[in-house]
Amino acid sequence: MRADALLSRYGYCSRRECAAWLAQGRVLFRGETVRRANAPVEPTEVLVDGEPVPFVNGLYVAFNKPLGCTCSHREAGKLVYDYLPPQWLARKPGVNTVGRLDKETSGLLLLTDDGAFEHAMCSPRRHVPKEYAFRTAAPVPPAAAELFAAGTLLLEGERTPCLPAELRLTGDCEGVLTLHEGRYHQVRRMLAAVGAPVVALERCAIGPLRLESLGLAPGEWCAVDPALLIASKV
Ligand code: URA
């Protein structure tokens, strides 16, 4: 890869700004300062401002989404991307959330620049389980567990019923729902369908990845191994 392509690909600067970065001696390859924009470099052996290039082989990150921000690049108000290093957002390909959480849902969210990974994690065919802890404004009828497990619940406006989902109640108005797909506002709509509107919702796990074991405060992120998640197919 050329030095200017590397700086642009990993979000440091535009190709036009590259000459200035190189002239300032900010880029080293195998210990030597890179001066020419077209110099061939190996990304894993480059230092920019003394630091290795982050996520050379793809960016895979777990993020603890705070309440009140949206999974969008464009909407007004606080965005998930406001919590991330600006350099990530200038990478090409760009960094996106893997699926979405509502503005008023907190918890585990994955981010990646790998479109194939994003697709694999969201595909209902892969059945990657996603676990949500909820509180509701009214008691959840115990019969809801059987209804959700049967895979027969047809939500308003949908043509196919929800895939079987596991409901575990931990109180009259709280519990954990595990889904194997990701439809719009699915947890809220499923619980509303049984007369128990959601008042608080947090995603606590995606496949084998559990928010509590990652030790992330809201707004914090950490790198994850994509192989762990892709291998989690059930
Ligand atoms: N289900 C919802 O209702 N909201 C989310 O953010 C995720 C799943």
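The values are calculated or read from the model by the stated rules, or taken from the named source; none is laboratory data. This one's a predicted model, so the numbers in the text were calculated from it and none came from an experiment. When we count neighbours, we look across all protein chains shown, and the Cβ atoms used for this are built from the backbone with ideal geometry, even at glycine. We work out accessible area using only protein heavy atoms, side chains counted, and drop any ligands, DNA or RNA first. Shrake-Rupley method; radii C 1.70, N 1.55, O 1.52, S 1.80 Å.
Answer with yes or no whether Leu191 is within 16 Å of the ligand (Cβ to nearest atom), farther than 27 Å from Val61 by Cα and at pLDDT 95 or above. In short, yes. Output the residues belonging to region 101-142 that are surrounded by fewer than 20 Cβ atoms within 10 Å (Cβ to Cβ), in a loop (DSSP other than H, G, I, E, B) and of a type in the set (A, V, I, L, M, F, W, C). Scanning region 101-142 gives Ala137, Ala138.
When region 60-76 is filtered for residues that are part of a strand (DSSP E or B) and not charged (D, E, K, R), the ones remaining, listed by number, are Tyr60, Val61, Ala62, Phe63, Asn64, Thr70. Leu155 meets the stated requirement of being open to solvent by less than 30 Å² (accessible area, probe 1.4 Å), out of contact with any Phe, Trp or Tyr (no Cβ under 7 Å at 6 or more places or on another chain) and within 16 Å of the ligand (Cβ to nearest atom). The residues of region 194-208 that are open to solvent by 20 Å² or more (accessible area, probe 1.4 Å) and near the ligand (Cβ under 8 Å from one of its atoms) amount to a single one, Val198.
Of all residues in region 113-132, those that are within 16 Å of the ligand (Cβ to nearest atom) have Cβ atoms under 8 Å from Cβ atoms of residues that are of a type in the set (Lys, Arg) and open to solvent by 30 Å² or more (accessible area, probe 1.4 Å), 6 or more apart or on another chain, in His127/Lys233; Val128/Lys233. Scanning region 159-175 for residues that are touching a strand residue (DSSP E or B) at 6+ places or on another chain (Cβ under 8 Å) and over 16 Å from Leu147 (Cβ atoms) yields Thr170, Cys173, Glu174.
Looking only at residues in region 167-188 that are charged (D, E, K, R) and away from the ligand (no atom under 11 Å from the Cβ), which one is surrounded by the most Cβ atoms within 10 Å (Cβ to Cβ)?
Glu174
If you go through region 5-59 and keep only what is small (Gly, Ala, Ser) and part of a loop (DSSP other than H, G, I, E, B), you end up with Gly11, Ser14, Gly25, Gly31, Ala37, Ala39, Gly50, Gly58. Evaluate the following for Ala150: is it over 30 Å from Tyr60 (Cβ atoms) and modelled with pLDDT of 95 or more? Taking the combined requirement at face value, the residue satisfies it.
Here is a yes/no grid of residues against (1) surrounded by 15 or more Cβ atoms within 10 Å (Cβ to Cβ); (2) of a type in the set (A, V, I, L, M); (3) at pLDDT below 95:
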{"site": "Asp49", "(1), (2), (3)": "no, no, no"}
{"site": "Val56", "(1), (2), (3)": "yes, yes, no"}
{"site": "Leu59", "(1), (2), (3)": "yes, yes, no"}
{"site": "Lys65", "(1), (2), (3)": "yes, no, no"}
{"site": "Lys78", "(1), (2), (3)": "no, no, no"}
{"site": "Tyr81", "(1), (2), (3)": "yes, no, no"}
{"site": "Pro86", "(1), (2), (3)": "no, no, yes"}
{"site": "Val95", "(1), (2), (3)": "yes, yes, no"}
